[in-house]
Amino acid sequence: MAAANLGYTFPIKVTKRAGRFFIAFLTIPQLSASGEIYAEAEYYAYRVLADYLLSLKDQPTKIQALTQTTTTATVDQHSFLSIIQVPLNLDPHKMQVQFTLPHDAPEHAHSEINKIKELIAENQKK
């Protein structure tokens, strides 16, 4: 999907605990999603976010106020940051996730990529 069609971005924190993935919306703290595998949690995150945003569809300035691409959230060995990209029509089937990687040094980005792969792959083996 072309980036021009993506109108909004919402930062999320994904945490794996007790065999489940939990997604917290960093700019909309009352929203969350979870699933046994990462793909399931991501799917529910899209649905939860779409339902919430559709209630604001006639108020694009309110939606825009909830968006951002940077965050001060911290991660540990069980969590990582991502951004959900949302099209202007708020269609959950067109939403996409982009993993957030450190920009300070290539080895940090590589380490974060490996951590994300291991977190997601470990739960996929069920």
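Here are the numbers:
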| read-out | value |
| --- | --- |
| Output for the range 13-42, where each listed residue is open to solvent by 70 Å² or more (accessible area, probe 1.4 Å) and either of a type in the set (Val, Ile, Thr) or farther than 19 Å from residue 79 by Cβ (or both) | 30 |
| Residue 75 being more than 12 Å from residue 8 (Cα to Cα), assigned to a helix (DSSP H, G or I), among the β-branched types (Val, Ile, Thr) and open to solvent by 20 Å² or more (accessible area, probe 1.4 Å) | no |
| Answer from 76, 91 - the residue that is touching a Ser or Thr at 6+ places or on another chain (Cβ under 9 Å) and not aliphatic (A, V, I, L, M) | 76 |
| Conditions (1) in contact with a Ser or Thr (Cβ under 7 Å, 6 or more places away or on another chain); (2) within 16 Å of residue 39 (Cα to Cα); (3) open to solvent by 60 Å² or more (accessible area, probe 1.4 Å); number of the one not met by residue 68 | (2) |
| Flag if residue 22 is assigned to a strand (DSSP E or B), aromatic (Phe, Trp, Tyr), at pLDDT 95 or above and more than 16 Å from residue 100 (Cβ to Cβ) | yes |
| Residue check, residue 51 among the acidic types (Asp, Glu), open to solvent by 80 Å² or more (accessible area, probe 1.4 Å) and in a loop (DSSP other than H, G, I, E, B) | no |
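The values are calculated or read from the model by the stated rules, or taken from the named source; none is laboratory data. The structure displayed is predicted, hence computed values, not measured ones. Here the Cβ is made from the backbone with ideal geometry for all residues, glycine too, and neighbour counts use every protein chain on show. For the accessible areas, the whole protein counts, side chains as well, though only heavy atoms, and no ligand, DNA or RNA atoms are used. Shrake-Rupley method; radii C 1.70, N 1.55, O 1.52, S 1.80 Å.
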